[in-house]
Amino acid sequence: MTIVLGLTGSIGMGKSTVAAMFADAGVPVFDADAEVHRLQGPGGALVAHIEAAFPDTTTELGVDRTLLGEAVFGNPDAFKRLEAIVHPAVAHARNQFLAANADKPLVLLDIPLLFEAGGWRQVDKIVVVSAPAEVQRARVLARPGMTAERFEAIRARQMPDAEKRARADFVISTAGSKEETRAEVAAVIACLTPETGG
């Protein structure tokens, strides 16, 4: 029986780092963001659908995320239309991943909007990656092209960190060293797979 572990965390909390640590420990990881990039990249299955819904947002390299972002930024209806295109395709890929790893004791679904988009219903346990607000803000504003306004808009779409932590089965902190975080990851794996010796 495979345990499906959902991994989430607000922007800048270190979720990708933690997902990589699970992968390094031998846990199969499904990265929802990476799947979206693949579907929207060169020759991706969603490129034509997105161009039809949002004209002039794609190039020969696939979806131009900057142009698409401008098309949906601050427009809830447009954002819903985009989600209606993207979510079913990602769900299909996720189901294929789960079928391919059905013999594994533990798999990880890395889903940024796990609570917001209802993905928590498809997992057995939830890990939330967290860090203090000032650490989060500094990390995000250090990203190329990020502005305080955009950061606040992204954060407004995400469930507050405290609420995520309250709904989590496990909380992993990225406020300390990588070694400390890796130890927390190992502890979660050991807790969920005691019969395999972690």
Decide, for the stretch 76-184, between rounded, prolate and oblate: order the square roots of the alpha carbon gyration tensor eigenvalues as a ≥ b ≥ c, take rounded if a/c falls under 1.5, and otherwise choose prolate if a/b is larger than b/c, else oblate. oblate
Ranking by accessible area, most exposed first, for Ser130, Ser177 with a 1.4 Å probe: Ser177, Ser130
Given Phe54, Pro76, Cys191, which one lies farthest toward the positive end of the charge dipole of the stretch 46-198, if we put +1 on the Cβ of every Lys and Arg and -1 on the Cβ of every Asp and Glu? Cys191
Note, ³J(HN,Hα) from phi for the stretch 30-35, Karplus 6.51, -1.76, 1.60, rounded to Hz, x at Gly and Pro: 9, 9, 4, 4, 5, 5
Specify the inter-centroid distance of the stretch 110-152 and the stretch 1-66, based on alpha-carbon positions, in whole Å. 14 Å
What accessible area, in Å² to the nearest ten, does a 1.4 Å probe give for Asp169? 80 Å²
Would you mind checking which residues have amide H under 5 Å from Gly9's amide H? H placed 1.01 Å from N; only 5 or more apart, or other chain. Leu114, Val129
Mind ranking Thr147, Thr57 by accessible surface for me, highest first, 1.4 Å probe? Thr147, Thr57
What figure, in Å² to the nearest 10, do you get for the accessible area of Glu152 with a 1.4 Å probe and non-protein molecules left out? 80 Å²
Given a 1.4 Å probe, how much area per residue of the stretch 94-198 is accessible, in Å²? 55 Å²
Leading residue at positive end of dipole, the stretch 31-177 (Cβ point charges), from Leu141, Leu114, Ala91: Leu114
Report for the chain the percent antiparallel among DSSP-assigned beta bridges with both residues inside it, nearest 5. 10 percent
Cα gyration tensor category, rounded, prolate or oblate, for the chain with a/c compared to 1.5: oblate
Quick one: with all protein chains in place, what share of the accessible area of the chain is carbon or sulfur, to the nearest percent (1.4 Å probe)? 56 percent
Could you report the accessible area of Asp124 in Å², rounded to 10, computed with a 1.4 Å probe on the protein chains as they sit in the structure? 90 Å²
What distance in nm separates the simple spin-label points at Ala45 and Arg150, each placed 7 Å from Cα in the Cβ direction? 2.9 nm
Per-residue ellipticity at 222 nm attributable to helices in the chain (runs of n ≥ 4 DSSP H, -39500 (n - 2.57) apiece, nearest 500 deg cm²/dmol) works out to -15500 deg cm²/dmol
Within the stretch 20-156: Cβ-based charge dipole about Cα centre, in debye rounded to nearest 20 (Lys, Arg +1; Asp, Glu -1): 320 debye
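The values are calculated or read from the model by the stated rules, or taken from the named source; none is laboratory data. The structure presented is a predicted model; accordingly, all values stated were derived computationally and were not measured. Quick reminder, even Gly has a Cβ in these numbers, built from the backbone with ideal geometry, and neighbours come from all protein chains shown. Protein only, heavy atoms only, side chains kept; ligands, DNA and RNA dropped before computing areas. Shrake-Rupley method; radii C 1.70, N 1.55, O 1.52, S 1.80 Å.
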